[in-house]
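Down below is the structure, laid out as structure tokens.
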Amino acid sequence: MGKRADALATRLQEGAAALAAFAESMTDQEWRTATHPRDGRPFGVIVHHVASMYPIEIDVARGAASGAPIAVTWDAVNAINAKHAREHAQATKSEALDLLRKNSDAAAAAIREFTDEQLDTVVVNGLAFDTPLTTQFFIEDHPVRHSFHHLARMREALGR
């Protein structure tokens, strides 16, 4: 395991742990509160969403590490998110937190397997206007950032 991969995995785990701790502190009413006016998904759905996306994000990162372009678009992401929200609208706190812990641990373990050469592999990234970017950038911008991004929105919405 390389130092860079380990550092990325550690940051992912820190973000997931912070999101889990915040979610655990939520009341039932807060759990059902919408995160952001433009988003509309309840916090509970968002926590479940972050957990559910880790395996997908890791698969995309593995593809990038092997030289495959990231062909995902924001339209596709929005469709995936909307479908997830419909299918998991009633996600319980324990279900979402269990999935968050399980999938973040698996994502961190997978990230630790990346070599420096794989992290440095440059591919066209459809989520960044087809900009040629490294696999490490994708990992930082998606699985690592994901929990921090949604946690910040939750804190802002709840004023804490």
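A few points about this structure:
- Length available on full extension from ASP59 to ASN78: 0.36 nm per residue minus the Cα-Cα distance, which gives 5.0 nm.
- Highest-fluctuation residue, ASP105, ASP75, ASP141 considered, GNM on the chain with Cα pairs under 10 Å: ASP75
- Note on the chain: with charges restricted to the Cβ of Lys and Arg (+1) and Asp and Glu (-1), its dipole about the Cα centre is near 420 debye.
- If the chain linking VAL122 and LYS3 were pulled fully straight, counting 0.36 nm for each residue of separation and taking away their Cα-Cα distance, it would gain 40.9 nm.
- Cα long-axis angle, helix 74-87 against the chain (0 to 90 degrees, to the nearest 10): 40 degrees
- The chain, relative contact order [Cα under 8 Å, separation at least 6], %: 39 percent
- Nitroxide proxy distance, nm - points 7 Å out along Cα→Cβ at ARG153 and ALA68: 2.7 nm
- Counting neighbouring beta carbons within 10 Å and listing from fewest to most, the residues ILE70, ILE56 come out as ILE56, ILE70.
- A crude spin-label estimate for the pair ALA21 and THR115, with each label 7 Å from Cα along the Cβ direction, gives 3.7 nm.
- Förster radius 41 Å - calculated FRET efficiency between PHE129 and LYS102, Cβ distance, rounded to 0.05: 0.80
- The residue among GLN13, MET154, THR115 whose Cα reaches farthest toward the positive pole of the charge dipole of the chain, with charges on the beta-carbon of Lys, Arg, Asp and Glu, is MET154.
- Among 14-20, 86-92, the order from most to least packed when residues are scored by Cβ within 10 Å on average: 14-20, 86-92
- Selected from HIS146, HIS84, HIS48 as most flexible by GNM, with the chain as the system and alpha-carbon contacts under 10 Å: HIS84
Each reported figure results from applying straightforward, stated rules to the coordinates on display, with no laboratory input. The shown structure was predicted, so the numbers you read here are calculated from the model rather than taken from an experiment. Virtual Cβ from ideal backbone geometry, glycine too; neighbours counted across all protein chains shown.
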